[in-house]
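To keep things clear, I will list the structure first and then write my remarks on it.
The values are calculated or read from the model by the stated rules, or taken from the named source; none is laboratory data. Note that the structure is a prediction, hence the values are computed from the model and not measured. Cβ atoms come from the backbone with ideal geometry, glycine included; neighbour counts cover every protein chain shown.
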Amino acid sequence: MKRKIIEIDETKCNGCALCIPNCPEGAIQLIDGKARLLGDLFCDGLGACIGECPEGAITITEREAEPYDEAGVMENIIPQVEAVIRAHLDHLESHGETECYRVAVSALERHGLSAPERTGDEHRLHHEGCPGARAMRIENSAASRPAAAPQPSRLSTWPVQLHLLPPRAPYFKGRDLLLCADCVAYAAGDFHERYLKDGVLTIACPKLDDGQEIYLEKLTAILAEGGVRSLTVLTMEVPCCTGLARLAGSALAASGRSDIRAEWKVVNLRGDELKSAALAAE
């Protein structure tokens, strides 16, 4: 039959997973870092997920598709609900919250439910949601090292949040602009010495901050009129962080400044630098 159904452009999808919780049928999952439609029969074609896609990767099209199957939807949702419950109970157990665990199980029993059986796939939901929001514990050997002497801050300008930055501030002229995702400074233990000592800092989050279009206008103005000599974009390794590099590339193109040296660096959760490459204007 021919009917309306969503279509996902994988070339635009950045893996942010914002569309997933807004699909009540559970028709979308994150697979290999991209949002994918699990099957035609799960999608009702109403497009509740479209408004949550910051990249415009989801559209509604009309094509030959399997009929929407409500029974199939329920079969798809129930395991996901069980996975959420299991993940919550595991969290309580791992943190020694014995009393909270008992209360949670009692609440399930009052509704005629029991704690889901443990399986080898019990943590599946953590891996299928947004990678940037996946809960994990990081083993860190630095805790056993002798305490080092306090290091001086290399912050030389204020404010640092991109929404608050004045585009024509005199301190931009002839300086290196560091556009940094919010989380990077917490991952990189030597952030000040390695990245900040020679630059003007501004921070932003491409996933959680509102007003991304304002960010684009502000950054374009800084590059076009502020007199900076270079731009370094510093992000985490999670897919949603790539949005900051794309925003910077768009601002660079809109600024008309072909003389600015621009690069993009990516660090992992331990603060190791995984990538350093030229940032293209786009």
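Numbers for the structure displayed
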quantity	calculated
Selection status of R229, surrounded by fewer than 20 Cβ atoms within 10 Å (Cβ to Cβ) and either within 28 Å of P150 (Cα to Cα) or acidic (D, E) (or both)	no
Given (1) more than 15 Å from L244 (Cα to Cα); (2) surrounded by fewer than 21 Cβ atoms within 10 Å (Cβ to Cβ), index of the condition I214 fails	(1)
A17 outside the structural domain of L247 (by TED's automatic domain parsing) and at pLDDT below 85	yes
Condition met for K265 (closer than 25 Å to C53 by Cβ, outside any loop (DSSP other than H, G, I, E, B) and not hydrophobic (A, V, I, L, M, F, W, C))	no
Number of the exception - K207 against (1) surrounded by fewer than 14 Cβ atoms within 10 Å (Cβ to Cβ); (2) part of a loop (DSSP other than H, G, I, E, B); (3) under 16 Å from the mean Cα position of the chain (by Cα)	(1)
Unmet requirement for D176, which otherwise passes all of (1) farther than 21 Å from G227 by Cβ; (2) out of contact with any helix residue (DSSP H, G or I) (no Cβ under 9 Å at 6 or more places or on another chain); (3) touching a residue at least 12 places away in the same chain (Cβ under 8 Å)	(1)
Pair list, Cβ < 8 Å and 6+ apart or interchain, from region 38-54 residues that are in contact (Cβ under 8 Å) with a residue 60 or more places away in the chain to residues that are assigned to a helix (DSSP H, G or I)	P54/Q212; P54/G243
Restricting region 232-266 to residues that are buried (at least 21 other Cβ atoms within 10 Å of the Cβ) and farther than 14 Å from L179 by Cβ, the residue that is modelled with the lowest pLDDT	C240
Count of residues meeting criterion [outside any helix (DSSP H, G or I) and farther than 22 Å from E55 by Cβ] in region 162-201	19
Count of residues meeting criterion [surrounded by fewer than 21 Cβ atoms within 10 Å (Cβ to Cβ) and farther than 19 Å from V238 by Cα] in region 7-25	5
